[in-house]
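The values are calculated or read from the model by the stated rules, or taken from the named source; none is laboratory data. Note that the structure is predicted; figures quoted are calculated from it, not measured. All Cβ positions, even for glycine, are placed from backbone atoms using ideal geometry, and neighbour counts span all protein chains on display. Please note that ligands, DNA and RNA were not included when accessible areas were found on the heavy atoms of the full protein model with its side chains. Shrake-Rupley method; radii C 1.70, N 1.55, O 1.52, S 1.80 Å.
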Amino acid sequence: LSRNTESIAEQMPVLETLQRLTTHRSLVFGAGNHELDFFGCLTYCLTQLALDMKITLDTNGKTTWHVPTDSNSECTTQQGQNLLAVAAKRVWDELYTCKKPAIEEVFKSPLPQPNNGKSPDLNLVHDQIHEAATKLWINYIDAEKKSNYRMPLELHTQIQSKIQKVTGGLTRLASR
């Protein structure tokens with residue numbers, strides 16, 4: 001969900017992911033899933049997608065410059081963005097219906113009441129939880145980056161340990 005959505009080709013995998021979340025809602029939003037951080041990060045991504053805002057992946061706060069494209073491309077990209085917003089709202093309806101207490105627990109705040117539908121408007125939710133959701137998301141991104149940096153070192157240590165075990169066994173076998 002956090003991938004770039006500036007072109008139609010980039011929007012399609014995100015749209016497919018949103019559709020999969022809806023299709024597999026009983027598994028993702030079921031009673032057995034108690035991952036509060038997941039629901040918090042999902043809520044962050046859904047509000048960003050529904051409001052056509054970028055999902056932060058760089059925690060250093062750098063600015064990105066964009067090169068303008070032709071108007072036909074912009075039109076179809078905007079249509080794709082509208083589809084993403086509708087799909088994000090559909091997933092939000094399911095998430096809210098199934099996991100409202102979990103979302104309120106994550107953000108330590110009661111959510112606004114729904115007006116006419118299954119769930120409150122994502123604009124209102126965004127305004128209420130934006131700061132807490134952004135902090136949760138950035139913490140998640142930082143933890144992922146740290147685990148990626150640790151992974152090669154841990155992998156190297158594991159491989160080295162296994163090689164030592166194998167060579168030690170071969171040495172003992174050769175000496176017999």
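Report the extension gain between residue 142 and residue 33 in nm, rounded to one decimal, defined as 0.36 nm multiplied by the number of residues separating them, less their alpha carbon distance. Don't skip to the end; give the middle numbers.
Details: separation 109, 0.36 × 109 = 39.24 nm, distance 2.32 nm.
Length gained, residue 142 through residue 33: 36.9 nm.
Accessible area per residue for region 8-150 in Å², computed with a 1.4 Å probe and the full protein assembly in place, what is it?
Here the per-residue accessible area is 61 Å².
Let's test the formula: R0 of 22 Å, r as the Cβ-Cβ distance of residue 9 and residue 121. What FRET efficiency results, to the nearest 0.05?
Using R0 = 22 Å, I get an efficiency of 0.15.
Taking the full set of protein chains and a 1.4 angstrom probe, give the accessible area of residue 12 in square angstrom, rounded to the nearest 10.
Counting only protein heavy atoms, residue 12 exposes about 90 Å² to solvent.
For 3, 90, write out the residues from largest to smallest accessible area, computed with a 1.4 angstrom probe and no ligands counted.
Details: 3 170, 90 105 Å².
Result of the area sort, largest leading: 3, 90.
Just by accessible area at a 1.4 angstrom probe, what is the order of 98, 45 from largest to smallest?
Highest to lowest solvent-accessible surface, that is 98, 45.
How would 24, 126, 34 line up by accessible area, probe 1.4 Å, largest first?
Numbers: 24 95, 126 20, 34 135 Å².
Putting 24, 126, 34 in descending order of accessible area: 34, 24, 126.
I need the phi-derived Karplus couplings for region 105-111: 6.51 cos²θ - 1.76 cosθ + 1.60, θ = phi - 60°, integer Hz, Gly and Pro marked x.
5, 4, 8, 6, 7, x, 7
How high is the relative contact order of region 8-150, in percent, with contacts defined as C-alpha pairs under 8 Å that are six or more residues apart? If you can, show how the numbers build up before the last one.
Details: 112 pairs, mean separation 52.3, N = 143.
Across region 8-150, relative contact order equals 37 percent.
Testing the spin-label approximation: label points 7 Å from Cα along Cα→Cβ at residue 175 and residue 82. State their distance in nm.
With each label placed 7 Å out from Cα toward Cβ, I get 7.7 nm.
Keeping all protein chains in position, work out how much accessible area residue 97 exposes to a 1.4 Å probe, and write it in Å² to the nearest 10.
Roughly 90 Å² of residue 97 is accessible to a 1.4 Å probe.
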